[in-house]
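The values are calculated or read from the model by the stated rules, or taken from the named source; none is laboratory data. Please read all numbers here as calculations on a predicted model, not as lab measurements. We place every Cβ from the backbone using ideal geometry, glycine too, and count neighbours over all the protein chains shown. Remember, those area values only see protein heavy atoms, side chains included, never the ligands or the DNA or RNA. Shrake-Rupley method; radii C 1.70, N 1.55, O 1.52, S 1.80 Å.
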Amino acid sequence: MLRRIKSLPLEWVLALVSFIAIIFISYLKTSLELEDAEQAYYSQWWRLGYDDQPPLYTWLQKVVNAIFGVTKFSFSFLRAIFFAATLLAFYEFGRKVLKDKFKAQLVVLSSALIPVFIDFTFRRLSHTLLLGLVILLTFNVIARLIEKKSSHDYILLGICFGIGMLSKYNYAFFLLAVMVTSLFDLTIKRVFWNKRILISYSIAIILFLPHLYWYTTTAYLQNVQESLYMKLGTEGDGTIVFTPFLETFKAFFEIGAPFILVFILLFLFKVVQWRKAERSGWLFKLIVGQVVLLTLCFMLMDVQEVQTRWLLPLVLPYAVVFMESIDINKENSRKAGIVLFLLIITFQVLRTPMERFLGIPSAIHFDYGHLSKKLKTDYANAVWVLPNVTYGGQIRLLNPKKELLTLDDFSIPDKKKKGDNLIIVSNLKNVFGNLQPKDSILNYGPEQEKLYFFQKN
């Protein structure tokens with residue numbers, strides 16, 4: 001077995017190690033991560049849309065659940081598959097652009113220096129991880145089309161467009177940046193102003209149209225907009241201020257700070273040198289266009305908070321531009337990169353038990369068994385309505401055969417809302433006006449909330 005692993009290319013070994021580590025970490029946690037809990041809840045049904053996110057990840061999660069059941073393994077397995085695939089797609093894109101297998105491997109190794117990638121994406125993110133993979137796949141198809149304009153690749157490009165928009169709406173920023181860049185770069189223009197691009201657009205529209213129909217229904221559109229406004233912290237007065245610019249700059253800095261710091265040290269020790277060779281013009285122009293476009297959009301929308309996880313999928317592929325600009329000692333860098341990558345992965349694995357041992361507060365260490373037991377014992381025949389999708393997912397993990405609802409799921413069909421014998425759990429005592437709670441649990445959950453039980457027949 002070890003011989004087979006050693007015979008694998010480095011990028012495949014890194015992908016395999018990451019895959020195993022992600023699954024192993026899930027068994028060290030008492031409960032589900034936030035986004036895993038959301039998937040545990042939403043994957044109860046086939047819907048054209050869920051909350052303020054596109055449906056593709058949840059559709060795939062539902063398929064995995066059908067095979068392995070509603071277990072920690074199911075949620076970590078899907079994320080592990082996508083993370084490993086992201087590393088391989090990253091390598092493939094680097095190989096196509098750099099024409100150098102070593103540097104392509106170095107791109108993969110250096111991804112461990114991006115905190116939001118190796119922490120949030122590695123441990124907990126769902127839609128963002130899928131988006132990062134799809135953007136890298138899109139880049140790979142674009143690189144193929146630059147070399148040869150084939151109808152087959154335009155079909156693949158259309159599939160990428162469609163599943164990209166079904167993965168996360170941020171994909172639209174990437175598409176817009178590509179279209180803007182095509183106005184200034186001849187290489188991109190030859191790909192995106194080719195008549196066969198109509199094949200790509202047609203496929204993308206067909207794939208995205210059912211969800212778009214769901215999204216534009218009046219009730220859902222209003223709820224999605226309100227949810228997005230809360231996440232973005234938009235003021236909505238139309239005034240252009242510099243807070244979004246500063247927030248965007250801060251987010252970019254947080255994404256790349258360790259990466260930049262390590263390479264500055266390598267430059268100082270003369271392990272790395274700048275190359276004078278010409279860079280890939282289209283890719284460099286595309287990153288400039290992407291950064292400028294994001295900043296302008298956030299300023300026009302008056303976004304008051306920019307999260308690094310929003311930007312990561314959009315800027316991750318551009319590490320290839322940096323790698324193209326340097327010369328580096330191959331043997332020493334490979335060994336150091338492998339050791340550093342494995343150390344960071346090991347830290348991520350040990351982090352969960354160490355948090356528990358040191359008593360560091362974390363939502364993943366909370367046991368939802370008490371609430372689950374109370375619902376099963378006192379209200380077994382009722383329809384359970386939990387405060388939010390986080391509670392909903394955690395309780396469903398403990399009761400995989402039970403269909404349950406939540407108060408914050410605006411996409412619940414009306415017929416389910418009108419069911420008989422509802423037991424509604426809320427953290428607000430007066431949420432139903434004069435209706436008095438039937439029962440309560442005090443100081444419960446990671447936030448030590450008060451939970452009140454209401455019965456509606």
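For each pair in Lys168/Lys335; Lys148/Lys335; Lys103/Lys148; Lys285/Lys330; Lys401/Lys429; Lys72/Lys101, compute the distance between the two Cα atoms and list the pairs where it is over 31 Å. Present the calculation step by step, with values, prior to reporting the outcome.
Working: Lys168/Lys335 36 Å; Lys148/Lys335 36 Å; Lys103/Lys148 24 Å; Lys285/Lys330 28 Å; Lys401/Lys429 29 Å; Lys72/Lys101 36 Å.
The answer is Lys168/Lys335; Lys148/Lys335; Lys72/Lys101.
If each residue of separation counts as 0.36 nm, what is the full-extension length gain between Asn443 and Lys374 once their alpha-carbon separation is subtracted? Please report the intermediate quantities before stating the final value.
On the way: separation 69, 0.36 × 69 = 24.84 nm, distance 1.51 nm.
Roughly 23.3 nm would be gained on extension.
Per residue and in Å³, how big is the convex hull formed by the alpha-carbon atoms of segment 385-457? Can you show the working numbers first?
Numbers: hull volume 7.4 nm³, N = 73.
So the per-residue hull volume is 102 Å³.
Accessible area per residue for the chain in Å², computed with a 1.4 Å probe and the full protein assembly in place, what is it? Walk me through the numbers before you get to the answer.
Details: 22160 Å² over 457 residues.
About 48 Å² of surface per residue is accessible.
Hey, with R₀ at 56 Å, roughly what FRET efficiency would Lys450 and Arg196 work out to, going by the Cβ-Cβ distance, to 0.05? Show your work: numbers first, answer last.
Values: r = 60 Å, r/R0 = 1.08.
My answer for the efficiency is 0.40.
For the full complex of protein chains and a 1.4 angstrom probe, list Trp384, Trp193 by accessible area with the highest value first. Display every interim value, and only then the final one.
Numbers: Trp384 5, Trp193 150 Å².
Ranking Trp384, Trp193 by accessible area, largest first, yields Trp193, Trp384.
For Lys62, list the aspartates and glutamates whose Cα falls under 13 Å from its own Cα; do not include residues on the same chain fewer than 8 positions away.
By straight Cα distance, Lys62 reaches Asp36, Glu38.
How would you classify segment 236-383 from its alpha-carbon gyration tensor, with a ≥ b ≥ c the square roots of the eigenvalues: rounded for a/c under 1.5, else prolate if a/b is greater than b/c, otherwise oblate?
The shape class here is oblate.
Dividing the convex hull volume of the Cα atoms of segment 1-91 by its residue count, what figure in Å³ per residue is obtained? Show your work: numbers first, answer last.
Working: hull volume 10.0 nm³, N = 91.
Convex hull of Cα atoms, per residue: 110 Å³.
Over the chain, what is the percentage of antiparallel beta bridges among all DSSP beta bridges, to the nearest 5? Show your work: numbers first, answer last.
Working: 13 of 18 bridges.
DSSP beta bridges in the chain are roughly 70 percent antiparallel.
By how many nm would the segment from Leu300 to Leu246 grow when fully extended, if each residue of separation counts as 0.36 nm and the alpha-carbon distance is taken off?
Working: separation 54, 0.36 × 54 = 19.44 nm, distance 1.35 nm.
18.1 nm is the gain from fully extending Leu300 to Leu246.
Would you mind classifying segment 247-296 by shape? Square roots of the alpha carbon gyration tensor eigenvalues, ordered a ≥ b ≥ c; an a/c under 1.5 is rounded, otherwise it is prolate if a/b is larger than b/c and oblate if not.
Details: a/c = 4.57, a/b = 1.29, b/c = 3.54.
Note, shape of segment 247-296 comes out oblate.
Kindly provide the chymotrypsin sites (Phe, Trp or Tyr not before Pro) of segment 33-63 that DSSP labels as loop, not H, G, I, E or B, and whose Cβ sees at most 16 other Cβ atoms within 10 Å.
Details: sites: Tyr41, Tyr42, Trp45, Trp46, Tyr50, Tyr57, Trp59; in loops: Trp45, Trp46.
Those that pass, being in a loop and sparsely packed, are Trp45, Trp46.
Between the helical axis of 151-167 and the dominant principal axis of the chain, each derived from Cα atoms, what acute angle in degrees is found, rounded to the nearest 10?
On a 0 to 90 degree scale, this one is about 40.
When the helices in the chain are scored as -39500 (n - 2.57) per DSSP H run of 4 or longer and the sum is shared across all residues, what 222 nm value do you end up with, to the nearest 500 deg cm²/dmol? Each step should come with its number before you reach the end.
Values: 20 runs with 285 residues, N = 457.
It comes out at -20000 deg cm²/dmol, rounded to the nearest 500.
Between Asp367 and Asp420, what is the label-point separation in nm under the 7 Å Cα-to-beta-carbon projection?
3.7
Once the Cα atoms of helix 171-181 and of the chain are each reduced to a long axis, what angle between those two axes, in degrees from 0 to 90 to the nearest 10, is obtained?
Value to nearest ten degrees: 30.
Once you wrap a convex hull around the alpha carbon atoms of segment 68-205, what is its projected area averaged over all directions, in nm²? Don't skip to the end; give the middle numbers.
Numbers: hull surface 37.7 nm².
With the hull built on Cα positions only, its mean projection is 9.4 nm².
Using alpha carbons only, how many degrees (0 to 90, rounded to 10) separate the axis of helix 127-147 from the longest principal axis of the chain?
30
Thr406's amide H: which non-local residues (gap 5+, or another chain) put their own amide H closer than 5 Å, with H modeled 1.01 Å from N in plane and none for Pro or chain starts?
Leu386
If packing is taken as the average count of other Cβ atoms within 10 Å, what order do 368-380, 393-405 fall into, highest mean first?
Numbers: 368-380: 14.8, 393-405: 18.7.
So the peptides 368-380, 393-405, ranked by packing, come out 393-405, 368-380.
How large, in percent, is the carbon and sulfur part of the accessible surface of the chain at a probe radius of 1.4 Å? Provide the component values of the computation, followed by the final result.
Working: 14090 of 22160 Å².
Carbon plus sulfur share of accessible area: 64 percent.
In square nanometres, what is the average projected area of the Cα convex hull of segment 314-439? Working shown, then result.
Working: hull surface 55.3 nm².
Computing the convex hull of the Cα atoms and averaging its projections yields 13.8 nm².
So if each residue of separation counts as 0.36 nm, and I subtract the Cα-Cα distance between Gln436 and Thr346, what length gain in nm does that give? Walk me through the numbers before you get to the answer.
Working: separation 90, 0.36 × 90 = 32.40 nm, distance 5.03 nm.
Separation in residues times 0.36 nm, less the Cα-Cα distance, equals 27.4 nm.
When N is the residue count of the chain, what does its C-alpha Rg come to as a fraction of 2.2 N^0.38 Å? Mind showing how you got there, number by number?
Numbers: Rg = 23.8 Å, N = 457, 2.2 N^0.38 = 22.6 Å.
In units of the 2.2 N^0.38 Å rule of thumb, it is 1.05.
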